[in-house]
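Structure, as structure tokens:
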Amino acid sequence: MTKKKTEATGKTGATEKAGATEKAATATAKAAPAKTAAKAATPSRVTLTQLRAALDTKQHLALRGLGLRRIRHTVSVVDTPSTRGLILKVRHLVEVKA
């Protein structure tokens, strides 16, 4: 197998790919410190206690997704929009404490 050289750069295909990878790694390395500064804040949490049994499969799956296993089981979950959506599905079965 022979490596073809590109006419414009004179580099082989493998060398061009390595150069592109280095550029991408450098770009993400520069952006990473800004993201870690934003993640430094502790995420807010919500405490949930299951009070009633699920009667529907969807309710049962939502409770499992929240980490609840049985009545009077308490868990603490991160307060995110997806978690809030699950809580909304089973709001009549759980007690929510901020």
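The values are calculated or read from the model by the stated rules, or taken from the named source; none is laboratory data. Only a predicted model underlies this, so the values are computations on that prediction, with no experimental measurement involved. FYI the Cβ positions are ideal-geometry reconstructions off the backbone, even for glycines, and counts take in every protein chain you see.
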Q: Could you pull out the residue among Leu88, Leu68, Leu61 that is in a helix (DSSP H, G or I) and either at pLDDT below 95 or surrounded by 10 or more Cβ atoms within 10 Å (Cβ to Cβ) (or both)?
A: Leu61
(Q) Quick check on the range 42-58: of everything there that is of a type in the set (D, E, K, R) and more than 24 Å from the chain's Cα centre (by Cα), which residue is surrounded by the most Cβ atoms within 10 Å (Cβ to Cβ)? (A) Arg52
Q) Out of Ala41, Ala62, which single residue is of a type in the set (Gly, Ala, Ser) and either more than 10 Å from Val94 (Cβ to Cβ) or touching a residue at least 60 places away in the same chain (Cβ under 8 Å) (or both)? A) Ala41
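For the range 41-58, how many residues meet the condition of being under 19 Å from Ile71 (Cβ atoms) and either among the acidic types (Asp, Glu) or outside any helix (DSSP H, G or I) (or both)? It would help to see each step written out before you state the result.
To start, the set of residues in the range 41-58 that are under 19 Å from Ile71 (Cβ atoms) comprises 46-58.
If we keep only those that are either among the acidic types (Asp, Glu) or outside any helix (DSSP H, G or I) (or both) too, we end up with 46-56.
Count: 11.
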